[in-house]
2 protein chains.
Amino acid sequence: MLNQSMALDLMFQALADPGRRSMLERLTRGPASVSELAKPLAMSLPAVVQHLQVLVASGLVKTEKVGRVRTCQLEPTALRSAEQWIADRRMVWEKRLDRLGEYLAATADEEDENAKQASER
Amino acid sequence: MLNQSMALDLMFQALADPGRRSMLERLTRGPASVSELAKPLAMSLPAVVQHLQVLVASGLVKTEKVGRVRTCQLEPTALRSAEQWIADRRMVWEKRLDRLGEYLAATADEEDENAKQASER
């Protein structure tokens, strides 16, 4: 079992290649054999197999051999955990910005109030 | 200007390292100088600077030099586009599963209906 950080390394590494992203894109539309995966890509079958191994190692794809055909399928749990890591960081950052906005608005109100009181004196 | 695919390569590549993810994590809590970024990490300042360059090249972080201090800040647009890429694929996949579920449920209903009619004859 990989620890969480190593799992994220492998997943983001797997996502960092346009060929592997094309393969994932294809698999979102349903399971496919290795040769079906290779067909639209401008690369050799061995290159496709190598990319597939990276995808499998990352947990994003699983394969199953039935008879002579190896079928590849998306593993959504891994996709979701990569997405969640980014979303969590983005939300912390956005909350921080919201608090900053509220603070600045409150400070501006206070300044308006002070200016009003000063002009009334 | 980078094209969309190259931009994704650089972003996912940048996210594929635990040290760089720690730096992003720190920046979600607010801007930081390079030495503040380096402090909690078990790596040399040159290594931190190198990781920072990868983060800047990916568009995830921007830096600004004011006087003698370089301040680093998160760039949420890039974070959001990496998240969006994953979310879009996950949603296509989940919709496909939903349709498959509906189809299987409809088929099961039809079979029940046929079995009922057969037993009534």
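Give the number of residues within region A:88-121 that are of a type in the set (Lys, Arg) and open to solvent by less than 90 Å² (accessible area, probe 1.4 Å). So the count comes out to 3. Would you check if there is a residue in region B:79-87 being away from chain A (no Cβ under 14 Å), open to solvent by less than 80 Å² (accessible area, probe 1.4 Å), at pLDDT below 90 and under 30 Å from A:Val61 (Cβ atoms)? Among the residues of region B:79-87, not one is away from chain A (no Cβ under 14 Å), open to solvent by less than 80 Å² (accessible area, probe 1.4 Å), at pLDDT below 90 and under 30 Å from A:Val61 (Cβ atoms), which makes the answer no. Search region A:22-48 for residues being open to solvent by less than 10 Å² (accessible area, probe 1.4 Å) and part of a helix (DSSP H, G or I), and hand back the single one that is nearest to the other protein chains (Cβ to nearest Cβ). Looking at the filtered set, the residue picked out is A:Thr28.
Considering only region A:55-78, how many residues are more than 11 Å from chain B (Cβ to nearest Cβ) and surrounded by fewer than 19 Cβ atoms within 10 Å (Cβ to Cβ)?
So in region A:55-78, the residues more than 11 Å from chain B (Cβ to nearest Cβ) come out as A:55-57, A:59, A:61-72.
Checking the rest, the ones that are also surrounded by fewer than 19 Cβ atoms within 10 Å (Cβ to Cβ) come to A:56-57, A:59, A:62-71.
Residues flagged as more than 11 Å from chain B (Cβ to nearest Cβ) and surrounded by fewer than 19 Cβ atoms within 10 Å (Cβ to Cβ) within region A:55-78 amount to 13.
Being without any contact (Cβ under 8 Å) to a residue 60 or more places away in the chain and closer than 30 Å to B:Met23 by Cα is the filter here; which residues of region B:80-121 pass it?
From region B:80-121, those without any contact (Cβ under 8 Å) to a residue 60 or more places away in the chain are B:80, B:83-84, B:86-121; that's our starting set.
Matches in region B:80-121: B:Arg80, B:Glu83, B:Gln84, B:Ile86, B:Ala87, B:Asp88, B:Arg89, B:Arg90, B:Met91.
Inside region A:78-96, residues that are out of contact with any helix residue (DSSP H, G or I) (no Cβ under 8 Å at 6 or more places or on another chain) and either farther than 30 Å from B:Ala78 by Cβ or of a type in the set (A, V, I, L, M) (or both) make up a count of 1.
The values are calculated or read from the model by the stated rules, or taken from the named source; none is laboratory data. On a predicted model such as this, the values are computed, not experimentally measured, just so you know. So basically every Cβ, Gly included, is an ideal-geometry build from the backbone, and we count neighbours across all protein chains shown. To get the accessible areas, we keep the full protein, side chains included, count just its heavy atoms, and leave off ligands, DNA and RNA. Shrake-Rupley method; radii C 1.70, N 1.55, O 1.52, S 1.80 Å.
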